[in-house]
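Here is the structure we will look at.
The values are calculated or read from the model by the stated rules, or taken from the named source; none is laboratory data. The structure displayed is predicted, hence computed values, not measured ones. Every residue, glycine as well, gets a Cβ built from its backbone with ideal geometry; the counts of neighbours run over all protein chains shown. The area values use the complete protein model at the heavy-atom level, side chains included, leaving out ligands, DNA and RNA. Shrake-Rupley method; radii C 1.70, N 1.55, O 1.52, S 1.80 Å.
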Amino acid sequence: MPKLKPATQALRRDHILDVAERCFAVAGFHRTTMHDICREARVSPGALYVHFDSKEALIEGLCGRDRAQLTERLEALSTARDFLTALRTLGTHYFVDEPAHKRLFVAEMAVESTRNPRVATIYRAVDAFCLQSFERLFENLIASGRIAPGLDAASVARVFHLVGEGLFWRRAVHPDFDFDEINDGLLTMIERLLNPQSPPEHPPASPPQIASKTKKVAL
């Protein structure tokens, strides 16, 4: 049997993860079997087990992929000229544009973490990663003078993270949730929390150098 090229293997791995995410969201972690995922992904058990040896390994793979994507988006956010506009775009991505099954998967993983030690370890690691990522973002923004919150970066990150987590759950359990209805109010609240700063268009000119004159003293 010919060996697949690395690019083909990567595409297959991503396809399996996409299918597993939908299966976990729709049927739940316990009801979903590895056979279900093989059938939905149209791959053989052997092809599946090359990449993932268990449902928990699939969750690790999904979380690892999500962490990489969040890192890229936060890097773009940290360098955006208009921070609040970029933040609005990020919120729209996660709370409007993403398919609803992604939020259902997060909710399912959270519930499963209360009874499955391995999933609990994965879930808590993801939670810590998100919190630390926001803290680093706010530390950099404070250091560069782009925001001036009344709280330290760690406290701002905890508030921000908690608000985001609440929105994730709201969308997961309320299919009619409309993010646009709260977007303006939420952004106003976040703006007051972060206190964005507008750097001057041009740096202040250096004061003119006054040439010193040596006074001659008659002897």
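Can we say Ser155 is assigned to a helix (DSSP H, G or I), open to solvent by less than 30 Å² (accessible area, probe 1.4 Å) and within 16 Å of Ala68 (Cα to Cα)?
Spelling it out, it is not the case that Ser155 is assigned to a helix (DSSP H, G or I), open to solvent by less than 30 Å² (accessible area, probe 1.4 Å) and within 16 Å of Ala68 (Cα to Cα).
Which ones in the range 52-81 are touching a residue at least 24 places away in the same chain (Cβ under 8 Å) and β-branched (Val, Ile, Thr)?
Matches in the range 52-81: Ile59, Thr71.
Out of everything in the range 170-201 that is closer than 21 Å to Met109 by Cβ and surrounded by 15 or more Cβ atoms within 10 Å (Cβ to Cβ), what residue ends up being farthest from the chain's Cα centre (by Cα)?
Phe177
Which numbered condition in (1) surrounded by 16 or more Cβ atoms within 10 Å (Cβ to Cβ); (2) small (Gly, Ala, Ser); (3) closer than 26 Å to Glu181 by Cα is the only one that Ala110 fails?
(3)
Taking the range 19-51 on its own, how many of its residues are assigned to a helix (DSSP H, G or I), open to solvent by less than 60 Å² (accessible area, probe 1.4 Å) and in contact (Cβ under 8 Å) with a residue 12 or more places away in the chain? Break it down stepwise before answering.
Within the range 19-51, the first condition is being assigned to a helix (DSSP H, G or I), and the residues that meet it are 19-27, 34-41, 45-51.
Narrowing further to those that are open to solvent by less than 60 Å² (accessible area, probe 1.4 Å): 19-21, 23-25, 27, 34, 36-38, 41, 46-48, 51.
So of that shortlist, the ones also in contact (Cβ under 8 Å) with a residue 12 or more places away in the chain come out as 19-21, 23-25, 34, 36-37, 41, 47-48, 51.
Looking only at that region, the number is 13.
Taking the range 122-152 as the region of interest, how many residues are outside any helix (DSSP H, G or I) and within 15 Å of Leu62 (Cα to Cα)?
So the answer is 0.
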